[in-house]
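Written out below as structure tokens is the structure these notes cover.
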Amino acid sequence: MRAVSTIVLNLATISCAIAFAMPFWWMVRGASSDRFAPMRELFKRQPVGTWLLNSIFLASVYSVLVVLICSLAGFALAKYDFRGRRMVIGVMLLTVLVPPQVLLPAGFELVTWLGWVNSFPAVIVPGLANVFGVMLFISAMRHVPDDLLHAARVDGCSELRLWWSIALPLVRPMIGAFTLMSFLGSWNSFLWPQVVLIDDAKHTLPIGLANMSALPHDATGLMYAGVLVGIMPAALLFFALQRDFVDGLASGAVKE
Amino acid sequence: MISPQARRSLTPWTMLAPLLLLFAAFFAYPLARSLWLSFHATDRSTFVGLANFGFLLSDPLFWWATFNTIFYTTAYLVIQIPFCLGLAILLNNRRVHWRSLLRFLFFSTYLVGPVFAGVLFSQILAPRDGPVADLLGNIFGRPIEIGWLTDRRLAMTSVLIASWWLSIGAGMVYCLAALQAIDPALREAASIDGAGCWGRFRHITLPGVSATLGVLSLLGAVGALQLFELPVLLFGGPGPGLGALTIVMYLFNAGFETGNAPLAAAVGWVLVVLTAIVSGSALLVANRRVRR
């Protein structure tokens, strides 16, 4: 009886796994057919190199800045007792679920007024006020021991250095997890960049690929190759930060 | 918390300054401005009261987009949540082989993102020579043609398949973490007391993961209401016969194809209200649970 149920359990898991893996398999098969002809074709025919660099640049700059801003704010909100603290947290909690699309019309008006249309700041800057990130860092920064901060202050450490040299190294797993989340978020974002980036040379990989797929053609292999190129950098970063990602999620989930 | 004499100090405010400035300029202001716009005409200065909302209510396309979006959100959650939990339970069982490898495999779709998934599935589901059509043809021994991308009635189904593929793995990881946090002694005690499989699931597993399932459902619903990228990439637009028209697609068309920013802003606020209703009722349910 037990042996039968073991077989059933394993079969169920394996068949789900196969169903999940099939799209990846079809993608790799399509992109590598004919000795990687679609891959070579993709980089020859389309400015994929430019799109790739744009995507990497935007996602890297965005994730570094958003981690700095959110961790600093999270540190202030978790480790200082000051008037207005509860109000700031309350307002943020209220807005964390607001669908960002409601900001589209007025946001576009604003970046037009700033003269940012068709430039990278229009993609990077508006997303930097990441309330979700602040929440994650508040929960991570709570675990930084007060005694350590006191001791460092007695030794003459400035408040900003408390954040940079003491708190940040201690919340490293959360930095890894949130870096990965923001990188992926920027890497996969489409609607807003597509609205504000106009020239082909400014486009990101998702926009370029979307435009490519809208053209009438039968280059299936080309599309598979494009998706493969689009997934690789995210996958590489995930492997680099995998440990932190799991620990960071775990540390955020712990309740006191 | 740091010393009480810091209560009136400006230090925390200087640390919050970058965030608060960005928040004010790129969130609070556009949000308020959107609300203001929604009460004005396309010239962005004539006050028209609720006319934009009135137009939406009288536009059958908007009703269709709303119905579609809500249908998608419901169907998405009804399958997604049980599958996340089911897979997590399978992968939490010691008798299942290659658990960490499979866990990574399921999770890996999280890295793909809706745009790339949309392009990928638009190729996979291609009606005549796509791999899914090939596979079905091989299984049934004759060519099987299913209009995944061309049949109006199947449009949302194709979107759902792609979005389950994208999100079940990540949800499974959260469920697995919750399952692993359940004290194994509880399950043993229940077994000794004579609880069967179902009894242990009902009284030990389910209470242990219910908070996680609640969060997953809430975030899943809020995200599903914002559906846009997947159908756009699958169909290059609202789909065959507008079968995959969504609220955000309607918003995008109003704002950037037709150039009617105030109407787009009104759509945005309808979406805000829908989201508030969903999250408000989720919070109510959660509160009642806690009290009981």
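Figures for the structure shown
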read-out: Complete set of residues in region B:147-162 that are buried (at least 20 other Cβ atoms within 10 Å of the Cβ), of a type outside the set (A, V, I, L, M) and in a helix (DSSP H, G or I); value: B:Ser158
read-out: Sole residue being within 11 Å of chain A (Cβ to nearest Cβ), surrounded by fewer than 19 Cβ atoms within 10 Å (Cβ to Cβ), more than 30 Å from A:Ser71 (Cβ to Cβ) and without any contact (Cβ under 8 Å) to a residue 12 or more places away in the chain, chosen from B:Leu20, B:Leu101, B:Leu35, B:Leu57; value: B:Leu101
read-out: Residue pairs meeting the criteria (Cβ under 8 Å; at least 6 apart or on separate chains; first outside the structural domain of A:Val67 (by TED's automatic domain parsing), in region A:107-130; second at pLDDT below 95); value: none
read-out: Elements of type helices (runs of 4 or more DSSP H) in region B:184-237, at least 3 residues being at pLDDT 90 or above and in contact with a helix residue (DSSP H, G or I) (Cβ under 7 Å, 6 or more places away or on another chain); value: B:206-225, B:229-235
read-out: Of the criteria (1) under 26 Å from A:Gly221 (Cβ atoms); (2) in a helix (DSSP H, G or I); (3) away from chain A (no Cβ under 11 Å), which one B:Pro127 fails; value: (2)
read-out: Test: residue in region A:37-45 that is at pLDDT below 95 and within 12 Å of chain B (Cβ to nearest Cβ); value: yes
read-out: Test: residue in region A:210-220 that is in contact with a helix residue (DSSP H, G or I) (Cβ under 6 Å, 6 or more places away or on another chain), touching a residue at least 24 places away in the same chain (Cβ under 8 Å) and either surrounded by fewer than 20 Cβ atoms within 10 Å (Cβ to Cβ) or at the interface with chain B (Cβ under 10 Å from one of its Cβ atoms) (or both); value: yes
read-out: Among (1) part of a helix (DSSP H, G or I); (2) within 12 Å of chain B (Cβ to nearest Cβ), the one test that A:Gly176 misses; value: (2)
read-out: Hits in region A:52-109 - residues which are polar (S, T, N, Q) and more than 25 Å from A:Leu160 (Cα to Cα); value: A:Asn54, A:Ser55, A:Thr95, A:Gln101
read-out: Region B:212-234, residues that are more than 10 Å from chain A (Cβ to nearest Cβ) and over 12 Å from the mean Cα position of the chain (by Cα); value: B:Leu213, B:Gly214, B:Pro231
read-out: Flag if B:Ile204 is free of Cβ contacts under 8 Å to residues at least 40 places away in the same chain, touching a Gly at 6+ places or on another chain (Cβ under 8 Å) and hydrophobic (A, V, I, L, M, F, W, C); value: no
read-out: Unique residue being more than 9 Å from chain A (Cβ to nearest Cβ), touching a residue at least 12 places away in the same chain (Cβ under 8 Å) and within 30 Å of A:Leu180 (Cβ to Cβ) when the list is B:Ser122, B:Ser158, B:Ser108; value: B:Ser158
read-out: Flag if A:Arg161 is surrounded by fewer than 21 Cβ atoms within 10 Å (Cβ to Cβ), within 11 Å of chain B (Cβ to nearest Cβ), without any contact (Cβ under 8 Å) to a residue 40 or more places away in the chain and in a helix (DSSP H, G or I); value: no
read-out: Lone unmet requirement of (1) on the phi > 0 side of the Ramachandran plot; (2) away from chain A (no Cβ under 11 Å) for B:Ile81; value: (1)
read-out: Total residues in region A:197-206, condition more than 7 Å from chain B (Cβ to nearest Cβ) and either crowded, with 21+ Cβ neighbours inside 10 Å or hydroxyl-bearing (Ser, Thr, Tyr) (or both); value: 4
read-out: Residues of region A:214-248 that turn out to be farther than 14 Å from A:Ser33 by Cα, at pLDDT below 90 and in contact with a Pro (Cβ under 9 Å, 6 or more places away or on another chain), as a count; value: 6
read-out: Count - residues of region A:23-40 that are crowded, with 16+ Cβ neighbours inside 10 Å and not polar (S, T, N, Q); value: 8
read-out: Test: residue in region A:85-92 that is of a type in the set (Gly, Ala, Ser), facing chain B (nearest Cβ under 7 Å) and without any contact (Cβ under 8 Å) to a residue 40 or more places away in the chain; value: no
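The values are calculated or read from the model by the stated rules, or taken from the named source; none is laboratory data. The model shown is predicted, which means the values in this text are computed figures rather than measured ones. For neighbour counting, all protein chains shown are included, and Cβ atoms are generated from backbone atoms with ideal geometry for every residue, glycine included.
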